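Read through the structure below, which is laid out as structure tokens, and then see the notes.
Nothing in this text is a laboratory measurement; each read-out follows from the coordinates by a stated rule. Predicted model only: the values in this text are computed from it and were never measured. Here the Cβ is made from the backbone with ideal geometry for all residues, glycine too, and neighbour counts use every protein chain on show.
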Amino acid sequence: MMDPGTLIVTALAFAGPELAKGALSEAAKNAYASLKELLHKHFAGDEEAESALKHHEKKPQAYEAILKDAILQAGLDKNEEVLKQAKALLAAADPSGTAQGKYNVAISGGQGNQVGDGNTQTNTFGASPTSQS
């Protein structure tokens, strides 16, 4: 199962571009609006979190980590109402992916993990090699 913070960010990241293209059903549009409204309510007064949510819609990859951190700091990864709405959004926006279990991911003890389609990543693990003179 996907961790709750990633689930929320993934729901927003999937639906935002689809909404811009006009490719979301009414149910998905309503679920997206409801999730964003809930997040705005919980982020009230936190300018950094509000900004991350606003900018994430246009540049999801650039703001993903910042938004996820804001979600975790606000404890929204443990908020049943927010999680229920994120799941409803994914079910409405990507019913086939949801039915196939695309959003059921469990990762523990990994480094440099990615979830989703079309990712690119460069990892460097351990200490940098030192040159000997």
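Length gained on full extension, Glu81 to Asn30: 16.9 nm, using 0.36 nm per residue less the C-alpha separation. The listed peptides 37-49, 74-86, ordered by packing as a protection proxy, come out as 74-86, 37-49 (highest mean of other Cβ atoms within 10 Å first).
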